[in-house]
Every structure is written in C-alpha cells, then in structure tokens.
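Report on the structure given below.
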Amino acid sequence: MTHVAVKNIENGKVEAKKENLIKLANKLELNKDEILASACKLDDDIEIILSSKPHIIPRFLRSTRFLSDSDWDIISKQVKKMDRNNNLDKTRSMEIAKSLQRNLNKPSK
C-alpha cells in the first residue's frame with residue numbers, strides 16, 4: 001500500500017478495502033477489529049458468526065447498546081467461562097466416545 005493510498009483513505013477520498021485495512025493494522029501493530037469497526041467493516045470471522053445466528057446476535061447487540069465498558073468486561077468473562085465449559089464438555093464427550101470405541105473393538109475372551 002503506497003503512502004498516497006493511505007493518505008487518500010485518511011482523507012476519505014477513497015474507501016479502503018477490508019484486506020488493506022487489516023494489512024495496515026498489522027503493519028502498524030494496531031487492533032484490526034478497531035480499525036475495521038472505524039470503517040464500518042467486520043472481519044470475516046465476525047461476519048460468519050453474525051450470519052450463522054441472524055435471529056439472535058443482532059437482537060443481543062441492540063440490547064447491549066447502553067452497557068458500560070465494565071459491563072462488557074463482565075459479559076466477556078462470563079462468555080469465556082461458558083465457552084471453556086462447553087469445550088471441556090466436548091473434550092470429555094470425545095474421551096468417552098473413544099473409550100467406548102476401544103471397548104467395542106477389543107476382542108472378546
């Protein structure tokens with residue numbers, strides 16, 4: 001990306017492509033989500049999450065409009081805790097399934 005291109009983006013003369021904003025954020029060691037959000041764009045993984053649950057996520061986000069940063073920290077911690085628990089459950093389920101499979105495959109005496 002040339003200096004002129006960056007200047008044109010900064011001055012609002014051209015709309016930056018998502019890929020260029022991500023490259024710029026990485027080069028400047030900035031948070032890519034913040035850079036993308038300032039340009040009203042989303043990273044691909046966020047778009048996938050939104051499109052996978054279109055009936056839930058927009059409603060949830062609208063309900064959080066007036067939350068403070070500390071409220072968001074609390075929600076983030078809770079979600080991480082929930083996700084960690086779900087992953088543990090998945091891991092435990094896989095271990096049980098593998099154990100059952102091994103037992104089924106054992107030759108009978």
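Quick note: the coordinates plus some simple rules give every number you see, no bench work behind them. Everything numeric here is computed off the predicted structure, so don't read it as measured data. Positions of Cβ are backbone-derived with ideal geometry, glycine not excepted, and every protein chain shown enters the neighbour counts.
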Treating only Lys and Arg (+1) and Asp and Glu (-1) as charged, each at its beta carbon, one finds that the range 1-66 has a dipole about its Cα centre, in Debye to the nearest 20, of 240
For the range 24-66, the charge dipole (Cβ of Lys, Arg +1; Cβ of Asp, Glu -1; about the Cα centre) points to a positive end, and the Cα of LEU30, LEU61, CYS40 closest to that extreme belongs to LEU61
The answer for trypsin sites (Lys or Arg not before Pro) in the range 1-38 that fall in a DSSP coil and have at most 11 neighbouring Cβ atoms within 10 Å is LYS13
By the Cα gyration tensor axes a ≥ b ≥ c (a/c under 1.5 gives rounded; else a/b larger than b/c gives prolate, otherwise oblate), the shape of the range 1-66 is prolate
Surpassing 25 Å at the alpha-carbon level, of the pairs LYS7/LYS27; LYS53/LYS77; LYS23/LYS53, are LYS23/LYS53
Residues other than SER38 with Cβ under 12 Å of its Cβ, Lys/Arg counted +1 and Asp/Glu -1, net out at -1
